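Data block below; observations after.
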Amino acid sequence: MLITVPELLTPAEVGHCRTVLRRAAWVDGRTTAGPITAVVKANRQVDPTSREAIECGEVILAALHRSAEFLSAALPLRILPPMFNAYGPGERFGIHVDNAIRNAPGSRERIRTDVSTTVFLSEPDEYEGGELTVETPFGVQSVKLAAGHAVVYPSTSLHEVTPVTAGERLASFFWTQSMIRDEGERSLLFDLDQAIQDLRDARGEDDPHAMRLSFVYHNLVRRWAET
Ligand code: NI
């Protein structure tokens with residue numbers, strides 16, 4: 001399941017993060033890659049322990065917690081601090097799979113990466129190339145979204161960022177450990193939750209059928225969730 005979250009960040013939040021990130025220290029993206037992915041990775045990242053990364057990360061985390069769509073899709077147990085990357089001409093991140101286990105920067109805490117998120121901070125007309133392509137059971141999906149929009153996809157997927165040929169692609173990316181480890185179960189819960197919400201919108205908050213489906217939803221979460 002690959003879902004997009006439109007307008008996760010407001011235009012003001014995008015502008016603020018871009019201003020802050022402009023004065024951050026950027027390092028070679030290979031510093032956070034394993035030996036296998038380092039071969040296919042050519043980009044720049046903000047030092048995740050820097051003041052700028054932490055400040056912008058907090059903007060993004062606050063936005064995630066007010067996004068019903070993100071929360072419904074990811075069912076987060078823990079979210080690693082958002083990181084930031086940039087791709088200019090000739091930079092790319094060839095096809096790879098993200099590490100299953102990651103440490104929070106500067107901590108011994110480890111999380112299992114279940115859900116990957118990219119938040120676009122550049123507008124699509126600011127750069128050429130730089131599509132995020134994700135292999136899904138229904139073929140390769142190519143994603144390039146407006147600034148402030150996000151894409152959420154299973155961390156189990158093979159994916160790449162195609163070479164940027166002009167301009168600069170600025171984005172945030174991070175991983176979530178979900179309460180629902182299994183992608184199939186997580187996807188069913190997302191669809192059920194969306195259907196309940198649609199039913200409530202159409203028939204009112206007190207619709208008895210929506211209530212009955214909500215009972216099913218919460219009891220499935222009880223059966224499947226790790227907390
Ligand atoms: Ni990746």
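The values are calculated or read from the model by the stated rules, or taken from the named source; none is laboratory data. None of the values given here were measured: they were computed from a predicted structure. Cβ placement follows ideal geometry from the backbone for every residue including glycine, while neighbour counts extend to all protein chains displayed. For accessibility, only protein heavy atoms count, side chains too; no ligands or nucleic acids. Shrake-Rupley method; radii C 1.70, N 1.55, O 1.52, S 1.80 Å.
Of note:
- Kirkwood-type radius of segment 183-224, with distances r between different C-alpha atoms, in Å: 10.4
- Full-extension gain in nm, Ala38 to Glu226, via 0.36 nm per residue minus C-alpha separation: 64.5 nm
- Added length on full extension, which subtracts the Cα-Cα distance from 0.36 nm per residue, Glu205 to Val97: 34.8 nm
- Taking the protein heavy atoms of the chain in the context of the full set of protein chains, the accessible area attributed to carbon and sulfur is 55 percent at 1.4 Å.
- Computed over the chain, the P(r) tail beyond 21 angstrom holds 57 percent of alpha carbon pairs.
- Loop-resident chymotrypsin sites (Phe, Trp or Tyr not before Pro) (DSSP state other than H, G, I, E or B) in segment 113-178 with no more than 10 further Cβ atoms inside 10 Å of their Cβ: Phe138.
- Summarising the label geometry, the points placed 7 Å from Cα in the beta-carbon direction at Glu55 and Ile3 lie 3.2 nm from one another.
- Taking label positions 7 Å along the Cα-Cβ direction at both His65 and Ala146, the computed distance is 2.7 nm, reported to one decimal.
- Alpha-carbon centroids, segment 164-215 and segment 119-150: separation in whole Å: 20
- Enclosed volume per residue, in Å³, of the convex hull spanned by Cα atoms of segment 41-113: 122
- Label zone at Ala166, where the point sits 7 Å out along the Cα-to-Cβ direction: segment 114-143 residues whose backbone N lies under 11 Å: 126-129
- Here the extension length gained between Gln197 and Leu158 equals 10.9 nm, from 0.36 nm per residue of separation less the Cα-Cα distance.
- For segment 82-212, radius of gyration divided by Kirkwood radius, i.e. Rg to Rh on alpha-carbons: 1.06
- Value at 222 nm in deg cm²/dmol, rounded to 500, when DSSP H runs of n ≥ 4 in the chain each add -39,500 (n - 2.57): -10500 deg cm²/dmol
- Amide proton proximity set for Thr136, modelled H, under 5 Å, gap of 5+: Gln141
- Shape category assigned to segment 1-127 from the gyration tensor of Cα positions, a/c cut at 1.5: rounded
- Heavy-atom accessible area order for Ile79, Ile60, Ile54, largest first, 1.4 Å probe: Ile54, Ile79, Ile60
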